[in-house]
Structures are given as structure tokens and as C-alpha cells.
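Note sheet for the following structure.
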Amino acid sequence: MLAILFKTLPFFALIGLGYGAGRVRFFTPDATAWLTKFVFYFALSAMLFGFASNLSVAEIWDGRFVAAYLTGCCAVYAIALGVARWRGVSAQEAAVEAQCAIIGNTGFLGVPMLVMLMGSQAAGPILMVLAIDLIVFSSAITLIITGAREGRMSSRVFRALGMGLLKNPMIVSMALGLIWSGTGIPVPGPVNEFMVLLGAAATPGALFAIGASLATKSAERLGVAVWLSFCKLVLHPAAVAIAALLMFDVARFPASVMIAAAALPVAGNVYILAQHFGVAPQRVSASILISTAVSILTVTIVIALVTG
């Protein structure tokens with residue numbers, strides 16, 4: 001496990017460097033926002049396109065993999081949702097808490113770290129996890145909150161959801177990469193080199209941006225945040241492992257990637273959604289802060305376990 005810790009430490013050290021720069025205001029919130037935008041729309045999109053353009057749909061899509069991941073996610077989602085409702089919070093707040101319990105930082109942290117630690121063959125399973133998180137669960141929280149507020153589902157909501165997915169650069173870059181791969185035409189040399197060069201900025205840029213954004217997060221509602229961090233870092237990978245290995249008999253390597261991805265800390269986009277809807281952003285902020293700090297150890301332990 002010590003060997004895995006030494007491999008994961010540089011990733012978290014970059015997060016720590018960004019956090020320090022944000023805390024001393026060397027990197028202002030505006031600077032962090034612009035760096036995040038660069039990574040999100042350009043560097044990470046180039047990296048995802050590069051991965052997807054070298055994979056076929058068959059290498060990414062696996063019905064048992066999808067069923068196992070969805071089963072594990074839904075189990076933890078239901079637990080977090082049920083506990084929140086038992087505490088007496090609203091359906092909207094419960095949906096945000098459930099989102100914290102299952103949505104990990106797959107795009108900014110998981111893609112670069114797990115591909116580097118587990119090999120390029122991990123790209124396909126990671127892209128599948130990312131696609132499910134973005135398409136299924138980001139849509140679910142929007143539907144729950146909108147339905148709770150309006151008391152019904154309208155075609156306008158579904159149109160907005162569709163447009164949101166079509167405008168998401170991570171989804172677009174993965175889709176374009178798979179379309180290109182499907183043509184059987186190799187990516188031209190200059191284009192491939194351009195994507196590799198731009199995509200290389202994704203790892204340090206994303207990790208630094210995570211840290212800098214954490215510097216502005218507050219640690220309020222610690223009791224709830226600790227519970228949600230426990231859901232994300234412990235219950236989520238455990239549920240996914242049970243579903244993948246015992247229920248759906250997913251092949252060992254993609255199952256290990258799926259479990260490692262499930263062990264990632266709460267994603268920053270949950271905070272963006274919470275802030276957008278005006279539902280419990282401080283609670284999400286604390287969950288991101290605590291889960292990211294604790295994940296230095298928990299992610300290392302999970303990766304050590306799944307890689308044997």
C-alpha cells in the first residue's frame with residue numbers, strides 16, 4: 001500500500017499546492033474560475049477526445065458493467081436520500097445530499113490519476129463511469145428539484161436537460177472521439193499531437209484548480225458533511241464492489257477501475273448544481289472539503305486493494 005501512496009501523493013500534492021495558492025490569495029477566485037474553464041472546455045476535452053478516438057464503443061460499453069455501477073450507485077443514493085428524509089430535510093436538500101454520496105470527481109481527478117496509475121486500458125471503464133454520472137445522475141437531481149418546486153414535469157424541463165447535455169464539453173468530446181473511432185480513419189498526426197499537447201495540461205491544471213477552489217469552501221454542517229463523506233468514500237465503493245463482483249460478475253479489471261472511480265471524493269460540479277438551485281451549497285462545500293482531504297488515504301487503500 002505504501003507504494004500506491006507514493007504514487008497518489010503527487011496528485012494530492014498538486015491539489016495542496018492549488019489550495020495553498022488560493023488560501024494566500026495568490027490565486028484569486030476569478031483566476032480559479034478561469035483556470036477551471038480552460039481545463040473544462042479545452043484541456044480535459046482534448047484528453048477525453050484522445051482517449052475516446054482510440055477506443056471503440058465495444059471497448060467502452062458493457063451491459064453488466066453499466067448495470068453493476070448503476071445498482072451500486074442507486075443503493076447508496078437511496079440510503080443517503082432516506083437518511084436525509086428521516087432527518088426531516090426537504091426533498092430538494094435530500095436530493096443534493098444523495099448526489100454528494102455518489103458523484104465523485106471523475107473528470108478532474110479520476111481520469112488523469114486512474115489512467116496513470118492503472119494503465120491506458122483503464123480509460124474505457126472510466127469514460128463509462130463519467131458518462132453515467134453526467135447523463136443519469138446529473139439529470140436525476142435536476143428532475144427531482146424541479147419536480148419538487150413546480151409539482152410536475154414539463155417538456156421545458158426535458159428540453160433544458162437535453163440542451164445541457166449537448167453543451168457539456170466532456171460529453172461532446174467523448175461522443176466526437178467515438179464517432180471518429182467508428183470511421184476507422186486514424187487521427188491525423190498533427191491533430192493527434194495537438195490533442196496530446198493540449199490534453200497534457202489537463203492533469204496539472206485540473207488538480208491545481210481543485211485545490212484552489214477548495215480554498216474558498218467553508219466547513220459548515222460538519223456532522224452531515226462527515227456522514228456524506230463516509231457515504232462517498234466508503235459506502236459507494238463498497239456497494240459498487242458488491243454489485244460488480246458478486247451480483248453481475250463483471251470482469252476483474254474493469255470492476256477494479258469502477259470501484260476505484262467510486263472511491264473518489266465528492267465532485268465540484270455537485271456544488272455548482274447546489275449553488276445554481278440555491279439548495280444547501282454550504283453542506284456540499286463542506287462535504288467536498290472533508291472528502292477530498294480524507295481521500296488521500298481512502299483512495300490509496302481502495303486502489304491498493306483492487307490492484308492486489
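When Rg and the Kirkwood Rh are both derived from Cα coordinates, the Rg/Rh ratio for the stretch 157-274 amounts to 1.03.
Of V24, V111, V270, which is the most mobile in a GNM of the chain whose springs link Cα atoms less than 10 angstrom apart? The residue with the greatest mean-square fluctuation here is V24.
For the stretch 266-307, a Kirkwood radius taken over Cα pairs fed into Stokes-Einstein (37 °C, viscosity 0.692 mPa s) yields D = 292 µm²/s. Over 5 Å intervals from 0, what percent of Cα-Cα pairs in the stretch 207-254 sits in each interval? Going out from 0 Å in 5 Å bins, the stretch 207-254 shows 5, 17, 14, 15, 16, 12, 10, 10, 1 percent.
Taking the stretch 2-307, how many lysine pairs are there with alpha carbons less than 25 Å apart, if each pair must be eight or more places apart or span two chains? Pairs that pass both the separation and distance tests number 4.
Only helices reaching 24 angstrom along their own axis (Cα) with mean Kyte-Doolittle hydropathy no lower than -0.5 count here, and for the DSSP H runs of the chain these are 2-23, 63-86, 281-307. When the Cα convex hull of the chain is projected onto planes of every orientation, the mean area is 15.9 nm². Here the residues R25, R283, ranked from fewest to most Cβ neighbours within 10 Å of their Cβ, fall in the order R25, R283. Averaged over residues, the count of other Cβ atoms within 10 Å places the peptides 74-82, 286-294, 115-123 in the sequence 286-294, 74-82, 115-123, highest first.
Read the figures in this text as sums done on the coordinates, not as results from a lab. Being a predicted model, the structure only gives us computed values, none of them experimental. Here Cβ is always computed from backbone atoms with ideal geometry, including for glycine, and neighbour counts include all displayed protein chains.
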